[in-house]
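Here the structure is laid out as structure tokens; the discussion comes afterwards.
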Amino acid sequence: MADNCLFCKIAKGEIPSQKVYEDENVFAFRDINPQAPAHIVIIPKKHIKDLNSLSEGDDLIIGYVQAAAATIALQFPEMKNGYRVVNNCGADAGQTVFHIHYHLLGGRSFGWPPG
Ligand code: AMP
Ligand code: ZN
């Protein structure tokens with residue numbers, strides 16, 4: 001838990017969210033500003049700033065978080081034909097919350113390359 005981290009507070013239930021999944025390592029909730037019909041934010045419960053800030057053992061956590069995306073996608077009929085998993089690392093990529101997270105988006109088709 002990092003002081004004043006929005007996503008740490010969400011994972012602890014100190015700030016309300018629309019939870020869709022939780023296990024010992026992972027918490028997932030609906031994005032407050034959805035960019036697709038189904039837009040889920042998936043975070044590790046451990047506070048890690050971003051993909052450039054992994055400590056020893058964090059690679060396992062990140063793998064766990066990414067695998068959870070597939071489990072969570074099964075909950076959403078909108079994702080049965082596909083979904084997108086996105087990590088924004090750093091300000092230039094659009095990261096605004098510095099607790100590592102993956103966006104899970106589905107329910108529409110997505111362009112490539114991303115904007
Ligand atoms: P990023 O821009 O990759 O750092 O993504 C942060 C995401 O968190 C954005 O898509 C925001 O809409 C979302 N977000 C910010 N505050 C909340 C909140 N209180 N509950 C749910 N999602 C949030
Ligand atoms: Zn945090």
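Just so you know, all these numbers are worked out from the coordinates, no wet-lab data involved. A quick note: this is a predicted structure, and the numbers were derived from the prediction, not measured. Every residue, glycine as well, gets a Cβ built from its backbone with ideal geometry; the counts of neighbours run over all protein chains shown.
Here is how the numbers come out for the structure above:
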item	result
One residue from I48, I40, I72 being surrounded by 13 or more Cβ atoms within 10 Å (Cβ to Cβ), in contact (Cβ under 8 Å) with a residue 40 or more places away in the chain and in a strand (DSSP E or B)	I40
Matching option when the condition is within 15 Å of ligand 1 (Cβ to nearest atom) and out of contact with any strand residue (DSSP E or B) (no Cβ under 7 Å at 6 or more places or on another chain), among A93, A70	A93
Test: residue in the stretch 16-36 that is aromatic (F, W, Y) and either outside any strand (DSSP E or B) or away from ligand 2 (no atom under 14 Å from the Cβ) (or both)	yes
First in the stretch 1-14 and more than 6 Å from ligand 2 (Cβ to nearest atom), second anywhere and basic (K, R), Cβ under 6 Å, 6 or more apart	A11/K45
Selected residue (criterion: surrounded by the fewest Cβ atoms within 10 Å (Cβ to Cβ)) from residues of the stretch 13-37 that are away from ligand 1 (no atom under 13 Å from the Cβ) and not acidic (D, E)	P37
